[in-house]
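Participant: Questions regarding the structure given below will be posed in turn.
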Amino acid sequence: MHSMSASRRTAALRLNEPKPPPRRRSRLIGAALIIGTLAIAVSLVTSGTVSLGSGAVSKTHVVPTGDVTVDFATAMVTDDRAAIGVDESTYGTPSDIEDPTAQKLLKKLGVGYARIALTLANPADSTSRVTCAAAGCNTSIDPSEWIKVMENAGEVPVAGIPDTLSTADVVAIVKRYAGSGSAGEPILDWVIGNEPEAINEDVATYDARFNTLYDAMKKAEPQIKIGGPATLGFDQPFLQQFLKDCGSRVDFVDFYFYPAHEDAAQLLAELPAMSQDLSSLRTMIKTAVPGRASSIAIHVGEWNFSADPGTLAQYAFTGFASVLDADLLGRILIAGADSLAWGSKNGPMSLLYGDTVATGSNGAPSGYQSDTPMPLYQAIGMFTGQGLFPRFGKTIVSSTSVVSGVDAFASTGPDEIVIVNTNTSAKRVSIQANGSNQQSAVVWQLHQTGSVAEPPVRTGTVTSATDSFKLTLPANSVTTLVMTTLASTQN
């Protein structure tokens, strides 16, 4: 739960404008030469290229651009269908199992992956009952009940297990929840270990345990996917060695992201760090195991804009938190990775507000009570739609912004653009949506000005025959444009 941020590097790429083609001067001599010149001109217009000696002049197709430019015809990556997920910490009081309101809100949010930590009540006895392994969770509840809640909400359960368990213990758990003995749909995604550095576990020890448990789990249930090492930050040396030792096996590489900084400027500076971490990890995977790199996924298995108590006390209930959370989620998705935000009902670091064993209920602004949606909930909802508008698509397309403090993320199927304004002032921007057949967009905005997070509001529809829109982005806001045909918006 603490950041281990590596040194951050930023790089700027500049495009050099092409030099203009050389000019030639000609003297027109008589009517014949004039006719010849006209013929060349006709050739240029119709073919796009005219030969001039050994050189050629080509027409350049100018692609329209704006402050925010999206090319829906240029696919970048394809996301997992469950990529927008959460980590169900199960700390909430009352538990989600006994809380119909929480269950309805989780279903409305519509996230994909949902992680739960599992272990044995008695690790010395592989036949003992399975319990929740998260610190502070109610171990008297059968985890099968939590898993049913997840499945009823449309979530895809992911199970985490300690790497310190014996092979027999782990196989017993896996068979109970991934095999024919499972009470509901089998759990197909498993994570070995949790923050090994936090328990002073060195990489050599972890990697040896991972390989042993991986082989036993795959032998017991070949259909499951297994990942690790779930480092408590982007611990690059640890991850590098893990890929060297375990890259031939691992199905997905997992790390956590918790910035430790306290002021707004530092938190904003951590946004590109997320992108850098994801890019670095993808390069590391390709370098370590080039033959199977395309089959290895990346999970940000826990993340939040901060885990620092002071920072959370200052920002967790504000619109600034929703801006940070939405931007981080967008960066994970456009990198083709899977997001599991922490956590379901865990005080200031949560989707829904709730009392916790660790922090109690003190510190929340007036208006917050059990199950009040938090800024994190609303931020994720700008991608899932919360049942108000279509979910962000799986196919990520090219999107750029030239406005400082304004970040854009876009998908096709459906065509949507999510724009985050991290500035403390409103920005009037032009948005160029190329490659889409849609002529208008329904605009939804999240702009928290009070102490309690409110759901997104539909602010209207923008229309343009040239696919160029003008839009005002409020300070510290998230805007989702759902591209649509003009006719459909009039129905």
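The values are calculated or read from the model by the stated rules, or taken from the named source; none is laboratory data. Treat the numbers as computed from the prediction; the structure is a model and nothing was measured. Here the Cβ positions follow ideal geometry from the backbone for every residue, glycine too, while neighbour counts run over all protein chains shown. We work out accessible area using only protein heavy atoms, side chains counted, and drop any ligands, DNA or RNA first. Shrake-Rupley method; radii C 1.70, N 1.55, O 1.52, S 1.80 Å.
Participant: Is it true that some residue in the stretch 375-388 is on the phi > 0 side of the Ramachandran plot, in contact with a strand residue (DSSP E or B) (Cβ under 6 Å, 6 or more places away or on another chain), surrounded by fewer than 20 Cβ atoms within 10 Å (Cβ to Cβ) and not basic (Lys, Arg)?
Facilitator: No, there is no match, as no residue in the stretch 375-388 is on the phi > 0 side of the Ramachandran plot, in contact with a strand residue (DSSP E or B) (Cβ under 6 Å, 6 or more places away or on another chain), surrounded by fewer than 20 Cβ atoms within 10 Å (Cβ to Cβ) and not basic (Lys, Arg).
Participant: Regarding the stretch 234-252, can at least one residue be identified that is over 30 Å from Gly347 (Cβ atoms), open to solvent by less than 10 Å² (accessible area, probe 1.4 Å) and either free of Cβ contacts under 8 Å to residues at least 24 places away in the same chain or out of contact with any helix residue (DSSP H, G or I) (no Cβ under 7 Å at 6 or more places or on another chain) (or both)?
Facilitator: yes
Participant: Across the stretch 284-304, what is the number of residues that are free of Cβ contacts under 8 Å to residues at least 40 places away in the same chain and within 18 Å of the chain's Cα centre (by Cα)?
Facilitator: Total satisfying the criteria: 0.
Participant: Another one. Of the residues Thr139, Thr101, Thr119, Thr131, which single one is part of a loop (DSSP other than H, G, I, E, B) and either surrounded by fewer than 22 Cβ atoms within 10 Å (Cβ to Cβ) or among the polar types (S, T, N, Q) (or both)?
Facilitator: Just one listed residue meets the conditions, Thr139.
Participant: Here is a further query. Given the condition closer than 24 Å to Trp190 by Cα and touching a strand residue (DSSP E or B) at 6+ places or on another chain (Cβ under 7 Å), answer yes or no: does some residue in the stretch 352-367 qualify?
Facilitator: Within the stretch 352-367, not a single residue is closer than 24 Å to Trp190 by Cα and touching a strand residue (DSSP E or B) at 6+ places or on another chain (Cβ under 7 Å).
Participant: Starting from residues that are out of contact with any Leu (no Cβ under 6 Å at 6 or more places or on another chain), assigned to a strand (DSSP E or B) and farther than 25 Å from Asp467 by Cα, keep the ones in the stretch 45-85 and report whichever is modelled with the highest pLDDT.
Facilitator: Only one residue fits best here, namely Ile84.
Participant: Please work out which one of (1) surrounded by 21 or more Cβ atoms within 10 Å (Cβ to Cβ); (2) of a type in the set (A, V, I, L, M); (3) more than 17 Å from the chain's Cα centre (by Cα) is the condition Met274 fails and give its number.
Facilitator: Every condition holds for Met274 apart from (3).
Participant: Looking at this structure, is Asp371 under 24 Å from Ser306 (Cα atoms), open to solvent by 10 Å² or more (accessible area, probe 1.4 Å) and touching a residue at least 24 places away in the same chain (Cβ under 8 Å)?
Facilitator: In short, yes.
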